[in-house]
Amino acid sequence: MEFGVSTFVTDEGIGPAPLGRALEERGFASLFLAEHTHIPVKRESPWPGGGELPRFYYRTLDPFVALAAAATVTGRLRVGTGIALIVQRDPIMLAKQVASLDRISGGRAVLGVGGGWNREEMRNHGTDPRTRMRLLRERVLAVKELWTKDEAEFHGEFVDFDPVFSYPKPVQDPHPPVLVGGSGATTFDRVVEFGDGWMPIYGRGTGPLAAQIAELRERAGREVPVTVFAVPPKSEAIAELEDAGVGEVLFNLPTEPEDDTLRTLDRFTGLL
């Protein structure tokens, strides 16, 4: 089992470069960053975590810029999105961003994807919440075409472009892994069709996790890697996930100033 952290990097907490260095120095394998492009002032969508939306949701740095900063000061740390809201991102630009991150990092980029929950936010990007999962599918498939084909084209319901040259290509062969977030009724359909792994949030629809993983792998006909996001730093949680067949645990790292963050990471290190 490998260990990383999932967190929100903001203008009020530790910067991405010192965070990346601190993680690698302590033996962590990965850093996954959340994103929100903005938070509408008038919002009806309830936060899935319950209660008031935490302040750090409002202040996230762009994940690809932050991950590039972390990648340039590390040599082994995998750098990924947890999750990228690609229903709010242009797929041609996204393909270039992730491929550029993979180049900068020497083949350490990971793309975690999901449909998101904040309907007002996605509407501001011109995305209809009712069709976002169909849009998510097409954008992932289009990005993979752009990563892997010299003359890439895609023709779908939402994404449509004739042959294009799109560079750079990723370092990883055939491309950076795409981890599909979520634990809804149709999540496994997406993992099987266009995902390279599954990344659910700990405790949100992951009760019978061992049975879920077994079902997913049987449906896919392959050993689908599972990364669990936002895991509490407790030994019993780690043991539970290891027994279920999880390959990577991402501790939920609070968004705090640098000194506080380093002390938290030191506590986490005892669980590795």
Seminar exercise, completed: Distance in nm between ARG59 and ARG204 label points, each 7 Å along Cα→Cβ, equals 2.2
Exercise. Just how large is the dipole of the range 226-272 about the Cα centre, in debye to the nearest 20, putting +1 at every Lys and Arg Cβ and -1 at every Asp and Glu Cβ?
Worked result: 40
For this session: At 0.36 nm per residue, minus the direct Cα-Cα distance, what do GLU236 and SER45 gain on full extension? Give it in nm, one decimal, please.
Result: 65.5 nm
For this session: With everything on Cα atoms, drop me the angle between helix 235-244 and the longest principal axis of the chain, reported from 0 to 90° to the nearest 10.
Result: 40
Seminar exercise, completed: So the FRET efficiency between LEU141 and ARG26, C-beta based with R0 = 30 Å and rounded to 0.05, is 0.20
Exercise. Using θ = phi - 60° and the Karplus form 6.51 cos²θ - 1.76 cosθ + 1.60, what ³J(HN,Hα) does each residue of the range 79-85 get, whole Hz, x for Gly and Pro?
Worked result: 10, x, 9, x, 10, 7, 8
Seminar exercise, completed: Around LEU61 (Cβ within 11 Å, Cβ-to-Cβ, excluding LEU61; K/R +1, D/E -1) the net charge comes to -3
Exercise. Which residue, chosen from LEU94, VAL178, PHE32, occupies the Cα position most advanced towards the positive end of the dipole of the chain, where the dipole is computed from +1 (Lys, Arg) and -1 (Asp, Glu) charges on Cβ about the Cα centre?
Worked result: LEU94
Seminar exercise, completed: Rounded to the nearest 5, the percent of antiparallel DSSP beta bridges in the chain equals 15
Problem set entry | For the chain: relative contact order, % (alpha-carbon pairs under 8 angstrom, 6 or more apart) | 22
For this session: For the chain, with a Gaussian network of springs between Cα atoms less than 10 Å apart, report the residue from PRO168, PRO40, PRO16 with the top mean-square fluctuation.
Result: PRO40
Seminar exercise, completed: Computed over the chain: longest principal axis from alpha-carbon atoms vs helix 209-220 long axis, angle to nearest 10 degrees, is 30
Seminar exercise, completed: Which of LEU253, LEU23, LEU53 fluctuates most in a GNM of the chain (C-alpha springs under 10 Å)? That residue is LEU53
Exercise. Assigning unit charges at the beta carbon (Lys, Arg +1; Asp, Glu -1) and nothing else, what dipole magnitude in debye, to the nearest 20, does the range 2-269 show about its Cα centre?
Worked result: 240
Problem set entry | Cα-centre dipole for the range 1-140 with unit charges at Cβ (Lys and Arg positive, Asp and Glu negative), debye to 20 | 320
Exercise. Considering lysine pairs in the chain that are 8 or more places apart or on different chains, how many have Cα atoms under 18 Å apart?
Worked result: 5
Problem set entry | Structure-based [θ]222 nm, the chain - -39500 (n - 2.57) summed over DSSP H runs of at least 4, per residue, nearest 500 | -11000 deg cm²/dmol
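Coordinate-derived values only; no laboratory data. All of these numbers come straight from a predicted model, not from anything done at the bench. In this analysis, Cβ positions are derived from the backbone assuming ideal geometry, glycine residues included, and neighbour counts consider all displayed protein chains.
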